[in-house]
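No value in this document is a laboratory result; all are computed from the given coordinates. Predicted model, so just to flag it, every value in this text is computed and none were measured. Quick reminder, even Gly has a Cβ in these numbers, built from the backbone with ideal geometry, and neighbours come from all protein chains shown.
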Amino acid sequence: MVLKAVFSKIGAMRYISHLDLMRLFQRSARRSGIPVTITQGFSPHLKLSIERALKLGVESRNERATFYLSQQVDPGEFARRMNAHLPDDIQILEAKEVIQ
C-alpha cells in the first residue's frame, strides 16, 4: 500500500535538516505501530520519499511525502497515529491512498 501525505514543517522545526526529518518520520512510524515497508540491504530503513528537501529555516505547510506500507491502513488513522508521535511543529495534514 502506498500513502501520499501532506505535512507541515513550521516554527522551531523549520531548522531540522532533511535527513533528520527522515529519521523523525521513521521513529514516529515505529512508535505508532504503523506497518511500514523496510528497505532491503546493508542499512535497512523505512521506505519513504519526500518530494523536495527544504532549506534550513524555511517553513512550509504544503510538503509532500510518500509512505510505503506493508499492510492496509486507513489514511485518517495513519495521520492520527503519526501525529500522536510527531512534534507540534511537524504535523501530517492530509493522507490518501494511491492506487497502483
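Work out which trypsin sites (Lys or Arg not before Pro) in the chain are exposed loop sites (DSSP not H, G, I, E or B, at most 13 other Cβ within 10 Å) and give the longest gap free of them.
The longest such stretch corresponds to 1-51.
When we measure straight from the Cα of LYS9, which aspartates and glutamates land under 12 angstrom away, once same-chain ones fewer than 8 places off are left out?
Hits, sequence-local ones excluded: GLU59, GLU63, ASP88, ASP89.
Under unit Cβ charges (Lys, Arg +1; Asp, Glu -1), what dipole magnitude, rounded to 20 debye, does the chain have relative to its Cα centre? Write out the running numbers ahead of the final one.
Details: 15 positive and 10 negative charges, 40 e Å.
That gives the chain a dipole magnitude of about 180 debye.
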